[in-house]
Amino acid sequence: MISQLTARVPTLISQSHLEKKEAWTTYWSPILESLSTQCINPCREIRAQAFSSLQPSLLSPALTSDDHHEWTAIFGDVLFPLINRLLKPEVYQSDPRGMSDTRVLAATMLCKVFLHYLVMLSEWDGMLDLWLKILDIMDRLMNSGQGDHLEEAVPESLKNILLVMASGKYLVPPEEDKTNEKLWKETWNRLERFLPGFLEELFPPPPKAPAETKEKSEDSVVTTAEVPAAS
C-alpha cells in the first residue's frame, strides 16, 4: 500500500501549492523512509517486498522531475540510515543468515542509485562529499566481519562504479585532466585504506617510455676528422 502511493505523489505535489523543496519533503520523504524501515524487518518476506518496492521508488523519474536538489536526500535520509541500521548487531542477530543477503542487497542498491543519478550529481556541489560517504559506507560493509558475502560484493560493485565514472570522464588521473583532480586524489586515498592497490589495478599507469639509447661507439660515429681530404 505504501509503495502504491509513489504513483500519486506527483499529483499530490501539484495540488499542494507548496514550494518544491517543502513538497518533496512532505510527500516523498515519509514514503521512502517507511519503505526503508521495513527493509530491516526480521521477516525475510517483508524485507524482500520492501526492497522490491524501495528501489523502483528511488529510481523513479518523478523523484527528480523538479529543478532542485532536495532529492539528494535519498542518500542521507534513506540509504545511509538503512545501511547503518543493517550494520547494528541486534538487527543482524534478528535473522543472521538472511541479514547477510540483505546487506548485499543494500550495498548493491546504493551503488545502483548512485550510478543512476551520476550525471545529475556531477552538477551538484555536494558530489565529492557524497561519494566519500559512499566509500566510507562500503568500507564498513566490507569489514563488518560477520562472515557474509560482502567481501566479494563490495569490490565488484565499486569496480562497476569506478569504470562508469572513468568512461564518463568524471574520474580521470590528474595528468589527463586537472578539473577533477581532487576527486581522483580523495578516491585514491580512501580506497587505499580498505582496498589497497584496487584503483591502480583498475587504472594502471601508462608504461614509461624507454630511455633513448645513444650509440657511443667510436666505430659508428663518423667525424669530420675521419673524412679523407680532397686531393
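The values are calculated or read from the model by the stated rules, or taken from the named source; none is laboratory data. Everything numeric in this text was worked out from a predicted model, so none of it was measured. FYI the Cβ positions are ideal-geometry reconstructions off the backbone, even for glycines, and counts take in every protein chain you see. Ligands, DNA and RNA are excluded from the accessible area calculation, which covers all protein heavy atoms including side chains. Shrake-Rupley method; radii C 1.70, N 1.55, O 1.52, S 1.80 Å.
Springs between alpha-carbon atoms under 10 Å, Gaussian network over the chain: tell me which of 72, 26, 102 tops the mean-square fluctuations. Looking only at 72, 26, 102, the biggest GNM fluctuation is shown by 26. Does segment 56-190 come out rounded, prolate or oblate, given a ≥ b ≥ c as the square roots of the eigenvalues of its C-alpha gyration tensor, rounded meaning a/c under 1.5 and, failing that, prolate meaning a/b above b/c? Here segment 56-190 falls in the oblate category. Rounded to the nearest 20, the size of the Cβ-charge dipole of segment 50-163 about its Cα centre is 340 debye, with Lys and Arg at +1 and Asp and Glu at -1. Cross-link check: pairs 21/112; 133/178; 159/182; 88/133; 20/185; 21/182 evaluated at a Cα-Cα cut-off of 26 Å; pairs beyond the cut-off: 20/185; 21/182. Local charge for residue 94 was computed over the other residues whose Cβ lies under 12 Å away, with Lys and Arg +1 and Asp and Glu -1, and equals +3. Counting trypsin sites (Lys or Arg not before Pro) as exposed when in a DSSP loop with at most 15 other beta carbons within 10 Å, what is the longest stretch of the chain free of them? Value returned for the longest uninterrupted segment is 1-168.
Fully extending the segment from residue 65 to residue 4 would add 20.1 nm, taking 0.36 nm per residue of separation and subtracting the current Cα-Cα distance.
Segment residue 156..residue 198, full-extension length gain: 14.0 nm, with 0.36 nm per residue of separation and the alpha-carbon distance subtracted. Return the label of the correct value of P(r) over Cα pairs in 10 Å bins from 0, in percent, as calculated from the structure shown, out of (1) 7, 26, 27, 18, 7, 3, 4, 3, 3, 1, 0; (2) 7, 26, 23, 17, 14, 9, 3, 0; (3) 8, 35, 40, 16, 1, 0. Computing P(r) over Cα pairs in 10 Å bins from 0, in percent and matching it to (1) 7, 26, 27, 18, 7, 3, 4, 3, 3, 1, 0; (2) 7, 26, 23, 17, 14, 9, 3, 0; (3) 8, 35, 40, 16, 1, 0 gives (1).
For the residues 29, 144, 16, a GNM of the chain with alpha-carbon springs under 10 Å puts the largest fluctuation on 16. Only protein heavy atoms count here; on that basis, with a 1.4 Å probe, residue 116 has an accessible area of about 100 Å². Sorted largest first by accessible area at a 1.4 angstrom probe radius, with every protein chain in place, the residues 74, 40 fall in the order 40, 74. Under the rule of -39500 (n - 2.57) per DSSP H run of 4 or more residues, summed and divided by the residues of the chain, what mean residue ellipticity at 222 nm is obtained, to the nearest 500 deg cm²/dmol? Value at 222 nm, helices only: -17500 deg cm²/dmol.
Applying 0.36 nm per residue to the separation of residue 143 and residue 88 and subtracting their alpha-carbon distance, the gain on full extension is 18.5 nm. Our summary gives the chain a relative contact order of 13 percent, counting only alpha carbon pairs under 8 angstrom and 6 or more residues apart. Distance between the modelled labels on residue 167 and residue 26, one decimal in nanometres: 4.2 nm (7 Å Cα→Cβ projection).
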